[in-house]
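Engineer: Got a structure for you, written out below as C-alpha cells; questions coming shortly.
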Amino acid sequence: MGAYAIKRIGYALLTIFFISIITFTLMNLIPGGPFLSEKNIPPETVKALNVKYGLDKPLPQQYLNYMGKLITGDLGDSLKQKGRSADDIIFTAFPISAKLGGISILVAVILGVFMGSVSALNRGRFWDRLLMVVSTLGIAVPSFVMAAFLMLVFGVKLRWLPTMGLHSVTAFIMPCATLAFYPMSYITRLMRSGMLDALDQDYIRTAKSKGVGKSLLLFKHALRNAVLPVITYLGPMIAYTVTGSFVVETVFNIPGLGREFIQCITARDYPLVMSTTIFLAVLIVLMNLVVDLSYKLIDPRITLQ
Amino acid sequence: MMKQEHLLDINDLKVSFFTPAGEVKAVNGVTYTMDYGEVLGIVGESGSGKSVSAYTLTGLVDRPGRIVGGSVNFNGHQIEKLPEKEFRKIRGKEVSLIFQDPMTSLNPVFTIGNQLEEMLRLHTSKNRAQRRQRAIELLNLVGVNEPEKRLKQYPHEFSGGMRQRVMIAMALACEPKLLIADEPTTALDVTIQAQIMELMVDLKKKIGMSVMLITHDLGVVSDVCDRIAVMYAGKIVEIGTTDEIFYEPKHCYTNGLLRSIPKINETTHERLIPIEGTPVDLLNPPAGCPFAPRCESCMKICLRQMPEFIQHSETHKSACWLNQKALLEKQEGANGDE
C-alpha cells in the first residue's frame, strides 16, 4: 500500500509537470500578449510592463521562474486584475463553482443510478424507452441550448426562477439542472448496461434461488457489481464539474472558476492561465486516485499495485 | 389423497419460452414424483429440459419462459399457483439449489459469511451472533477449514471445489426438504468431483433430505441415485430405479446413452459409440417420438405418433414403440397359445 501510494504520487507529479509544459508552450504560441489592447499604449510602457513581469526573458527562463515560484506555493499575480494574486482569484471563484458542481453531481448520480436501474429492470418496455429518449437528449443537447431553453421557459415565460446570480436557493435550480443533465444521462446509460450485465450473472440466479426479494436483489446483489463503470466515469467528471462550466456560468452570470478560466485565456493573463490549468490538473489527478481507491472498497477482487 | 405421500409431484408440466422465433417447448408434458429422502437422477443431454423442469420448482424460470400447463405439488404447496411472495419463503428454506459453476455462482463483492448468513437472515429468526455461529457450523459440516477466518473472505479467495462446498453449505443452511443439484460437479476437477459427490451423499444422510441430481454424467448417477429419469427433448422417455435403467434399459435413447460411456476395464481399444445426429429442434417438435430421427430402430409409427408409457415394473416405465411392439407380440403369442 505504501509503495503503491509513492508510485501514484510520482506519476501524479510527472503528469502535472507535462501538463505545465504543454500549457506553457501552447499559451505562448497564441499570438498576442497581455498588454495588447484596443487602447493605444505607448510601446515604451508595454516594454516596461514586460520587463516588470519578466516577460522579456527567454521562454525557458520564464517557465523556470514560474515553476520556481509555484514550488514555494506562490501562484503568481494576475496581470490584468490589479492587485489580485492568482490564488486569490482561484480560491474566490472555485468555492462558487464547486458548490454548484457538487450539487449537480449529487443530483446526476442519484437520478442517474436510479433511472438506469429502472431502465434495466424494464428493458424494452415503456419506462426503458422513455428514459433512453431522455438520456439521449441529455447527451446530444449542448448545455448552452439547455440553459437558454430553461431560462426562456422558467425564467422569462413562467417567471418562476431567477435568471442570474446565485442569490437565493431557487437560483441554483436552473444552473444545476443544466450542469447535471449531461452526466445524469451518461450515468443512466452506464448504469443500465451495468445493471443488465449484472442481472444476467449466475450469482443473481443464486440469490433468487435463496429467496432474496426483488429490491434486495437489485440494490444489494446487482447494484454493487453494476456501479463500477459509473465510479470510473465519476472521477474525471467530478473534477470537471466542480471547476465550473464556462457556458453555464456565463449564461447565468455566475462568478465561478469556469468563467474566470476562459477569460484569463482571452486576456493572455499568463500566470492565471498556468495556475488554473495546474489547479484543474491536480484536481483530476486527485479524483482519479480517489476513484482507484474506491474500486478496492467496492470490488474486493481488485488489487492495487 | 395420494399426493401427500410424495414430497414432490409433478404432473404433465409444460414450460415454454416465448422467443421472437416462436414458442420453444423446453418442457413438454413431464410427470414424475419424488419421495422423502430419495435421490433422483435426471439425465439428458444439453437442451433436453432437465434443468428447466427443476427450475420451475425454484421460480427461476424467467421471462420469456413460463409454465403453460400441468401442476407442481411440492411439500404441500401448489407451486404453479403460488404468489411470488409466498414462493420466496419456500426458496432456500424448503428447496434449495446448487449450480454447475461455483466460480460464478457466488457474488464476488460480498464475503462468504455475508452470503451464507443471508440465507439465515431471510428464513430464520436467528440474531447476528447465532447466525455467525450457524455459519461456522455449516462450513465445518462441508469440510472448510478455519471457518472463522474463511467467513471473512471473498469468493475469489476460494478454489473451485471450496466454493462448491460453500454453495452446498449455503443450500443446506435451513435444512431444506429438497436439494436440487444442477450438474454440481461438471465444472470441477475429477478428484474434486468425487469429493463433492461424497460430501453430498454424506450430508443427505445427515439431514435426511431428498436430492434431485441433474447431470449428463451417468457415472455420477449410478453411484448415488435411487432412481433415474431419462429426459429427451422436453419429455421423460424412461424412468426407473438405477438398476432397472442400467441393467434393463428399455428405451432406445437410454440404450444409446449407456453405450456411449467409456469402459475403463476393457482391453480392446474400441471407439466409443456416439448417438448419431443432433438434438431435435424444440421450436418445431416432431409429431412422433422426438428421438425417432436419431434412432437406429426407428419404425414408421415412431415418426407419426408419440408412444404412451409402458409400465415394465412398479417403478420402471418407458415410452418407446419398440416396447409397445414387443408387448403386442407377447400378447399375440399368448393369445396364439390358447
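Engineer: Quick one: give the max-minus-min coordinate of the C-alpha atoms of the stretch A:125-228 along each principal axis, largest first, in Å.
Structural biologist: Dimensions of the stretch A:125-228 along the principal axes of its Cα atoms: 56, 27, 24 Å.
Engineer: If you don't mind, another one. With both partners inside the protein assembly as shown, how many of the DSSP beta bridges are antiparallel, as a percent to the nearest 5?
Structural biologist: Restricted to the protein assembly as shown, the bridges split so that about 60 percent are antiparallel.
Engineer: Summarise the partner chain shielding of B:105-115 as one whole number: the mean count of Cβ atoms from other chains within 10 Å of each residue's Cβ.
Structural biologist: Partner-chain Cβ atoms within 10 Å, mean over residues of B:105-115: 5.
Engineer: Looking at chain A, do any whole DSSP H helices span at least 15 angstrom along their long axis by alpha carbon and average -1.0 or above on Kyte-Doolittle, and which?
Structural biologist: Length and hydropathy pass: A:2-29, A:59-71, A:86-121, A:126-140, A:173-199, A:228-242, A:270-298.
Engineer: Among B:P293, B:L303, B:I112, which residue has its Cα furthest toward the positive end of the charge dipole of the stretch B:3-337, with +1 on Lys/Arg Cβ and -1 on Asp/Glu Cβ?
Structural biologist: The Cα lying farthest towards the positive end belongs to B:I112.
Engineer: Now, a different point. From other protein chains only, count the Cβ atoms within 10 Å of every residue's Cβ in A:209-220, then give the mean.
Structural biologist: Other-chain Cβ atoms within 10 Å of each residue's Cβ, averaged: 6.
Engineer: At a 10 angstrom cut-off on C-beta neighbours, averaged per residue, how do the peptides A:117-129, A:166-178 rank from highest to lowest?
Structural biologist: Ranking, from highest mean packing down: A:166-178, A:117-129.
Engineer: Summing -39500 (n - 2.57) over the DSSP H runs of n ≥ 4 in the protein assembly as shown and dividing by its residue number, what mean residue ellipticity at 222 nm do you reach, to the nearest 500 deg cm²/dmol?
Structural biologist: Result for the protein assembly as shown: -16000 deg cm²/dmol, rounded to the nearest 500.
Engineer: Under a straight-distance cross-link criterion of Cα-Cα below 17 Å, which aspartates and glutamates are reachable from A:K210, leaving out those fewer than 8 residues away in the same chain?
Structural biologist: Straight-distance partners of A:K210: A:D200, A:D202, B:D62, B:E84, B:E86, B:E94, B:D101, B:E117, B:E118, B:E175, B:D182.
Engineer: On to the next question. List the relative contact order of the stretch A:175-299 as a percent without decimals, with contacts defined as Cα pairs under 8 Å and 6+ residues apart.
Structural biologist: With pairs under 8 Å counted, the relative contact order is 26 percent.
Engineer: Still on this structure, please answer the following. Just to check, using Stokes-Einstein with a Kirkwood Rh over alpha carbon pairs, what's the diffusion coefficient of the protein assembly as shown at 4 °C and 1.567 mPa s in µm²/s?
Structural biologist: D, rounded to a whole number, is 43 µm²/s.
Engineer: Taking only the alpha carbons of the stretch B:1-119, what extent do you get along each of the three principal axes, in Å, biggest first?
Structural biologist: 41, 41, 29
Engineer: Now for a separate question. Taking only C-alpha pairs under 8 Å that are 6+ residues apart, what is the relative contact order of chain A in percent?
Structural biologist: Relative CO of chain A lands at 27 percent.
Engineer: Å³ per residue of the Cα convex hull, for the stretch B:250-305?
Structural biologist: Normalising the Cα hull of the stretch B:250-305 by residue number yields 91 Å³.
Engineer: Next question. Chain A: percent of C-alpha pairs farther apart than 38 Å?
Structural biologist: Here the long-distance tail beyond 38 Å is 29 percent of all Cα pairs in chain A.
Engineer: Show me the ranking of peptides B:231-237, A:143-149 by mean Cβ neighbours inside 10 Å, starting with the highest.
Structural biologist: Working: B:231-237: 25.3, A:143-149: 16.6.
Descending mean neighbour count gives B:231-237, A:143-149.
Engineer: Further question on the same structure: With respect to the cross-link table entries A:K69/A:K296; B:K14/B:K330; A:K99/A:K157; B:K263/B:K300; B:K93/B:K205; A:K296/B:K204, which display a Cα-Cα separation exceeding 29 Å?
Structural biologist: Pairs exceeding the cut-off: A:K69/A:K296; B:K14/B:K330; B:K263/B:K300; A:K296/B:K204.
Engineer: Hey, another quick one. Among DSSP beta bridges whose residues both lie in chain B, state the antiparallel percentage, nearest 5.
Structural biologist: 60 percent
Engineer: Let me ask something else about it. Please sort A:58-68, B:191-201, B:7-17 by packing, taking for each peptide the average over its residues of neighbouring beta carbons within 10 angstrom, highest first. All intermediate terms of the calculation are to be shown ahead of the outcome.
Structural biologist: Values: A:58-68: 13.2, B:191-201: 17.6, B:7-17: 20.2.
The peptides rank, most packed first, as B:7-17, B:191-201, A:58-68.
Engineer: Now for a different question. With Rg and the Kirkwood Rh both taken from Cα atoms, where does Rg over Rh land for chain B?
Structural biologist: Using Cα coordinates only, the ratio equals 1.00.
Engineer: What relative contact order, as a whole-number percentage, does chain B give when Cα pairs under 8 Å and 6 or more residues apart are counted?
Structural biologist: Rounded, it is 19 percent for chain B.
Engineer: Using the Kirkwood radius built from alpha carbon pairs, what does the Stokes-Einstein equation give as D for the stretch A:152-213 at 37 °C and 0.692 mPa s, in µm² per second?
Structural biologist: Details: Rh = 15.1 Å.
Once the numbers are plugged in, D ends up at 218 µm²/s.
Engineer: To the nearest whole percent, what portion of all C-alpha pairs in the stretch A:92-136 is separated by more than 15 angstrom? Mind showing how you got there, number by number?
Structural biologist: Working: 525 of 990 pairs.
Counting every Cα pair in the stretch A:92-136, those more than 15 Å apart make up 53 percent.
Engineer: Follow-up question, since we're still on this one. Stokes-Einstein D for the stretch A:1-94 at 37 °C, 0.692 mPa s, Kirkwood Rh over Cα pairs, in µm²/s?
Structural biologist: After rounding, the answer is 209 µm²/s.
Engineer: Relative to the longest principal axis of chain B, what angle (0 to 90°, nearest 10) does the C-alpha long axis of helix B:128-141 take?
Structural biologist: 50 degrees
Each reported figure results from applying straightforward, stated rules to the coordinates on display, with no laboratory input. All figures in this text were calculated on a predicted structure; none of them were measured in a lab. Every residue, glycine among them, receives a Cβ derived from its backbone with ideal geometry; neighbour counts consider all protein chains shown.
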